[in-house]
Amino acid sequence: MDQPAIPYTLPTEHTLPTERLLLHEVLPAEAAELLAGRTTGREWLGGGPGEGTREAAGMLTLAAEAGCHTPRWALYRIARRDDGMTVGGICFHGPPADGGAEIGFELAPGARGLGYATEALRALAGWALRQPGVDRVTTITTPANRPSQRVMDRAGFTRTADQDGLNTYRLSRC
């Protein structure tokens with residue numbers, strides 16, 4: 001007797017709400033569009049995704065094509081709750097490994113200095129630390145990128161040992 005086929009369902013978007021923002025998971029089809037610089041029908045502050053967001057979309061696209069995309073552990077669009085405007089992107093640099101996850105972020109120039117990056121980083125890092133097997137989140141920046149360093153400080157990260165000329169910050173599960 002034949003076994004009934006188990007239907008494949010596409011992953012659904014994961015959304016993390018904050019006080020002023022919604023972090024929307026970018027699925028592989030949308031990532032391919034963002035990689036090409038298209039807006040996927042959404043309004044982006046500055047007209048479209050920034051270079052870092054497009055780069056993260058490219059990594060997500062490659063992972064999906066290779067069959068190793070891990071839902072929830074890739075790119076998120078940062079959108080304002082009040083008007084739906086996408087103001088940047090925040091992403092994991094892959095799924096967790098050895099108890100840790102790494103996050104990178106980028107905001108459109110017109111969204112900087114308003115606390116959005118701090119709010120998004122707190123939300124994504126907090127979500128990661130609530131997942132089984134994750135006990136720390138790291139972020140990395142250049143020594144000259146003082147604005148990102150201030151975001152990491154305000155989000156509760158602590159500067160740790162620097163590597164290869166980059167500043168490393170860490171947030172651990174309590």
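Throughout, read-outs are computed from the coordinates displayed, never taken from laboratory work. All values derive from a computational prediction rather than experimental measurement. Cβ: placed from backbone, ideal geometry, glycine included. Neighbour counts: every protein chain shown.
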Per-residue [θ]222 nm for the chain (sum of -39500 (n - 2.57) over DSSP H runs n ≥ 4, rounded to 500): -8000 deg cm²/dmol
Ranking Ile140, Ile90 by Cβ neighbours within 10 Å, fewest first, what do you get? Ile140, Ile90
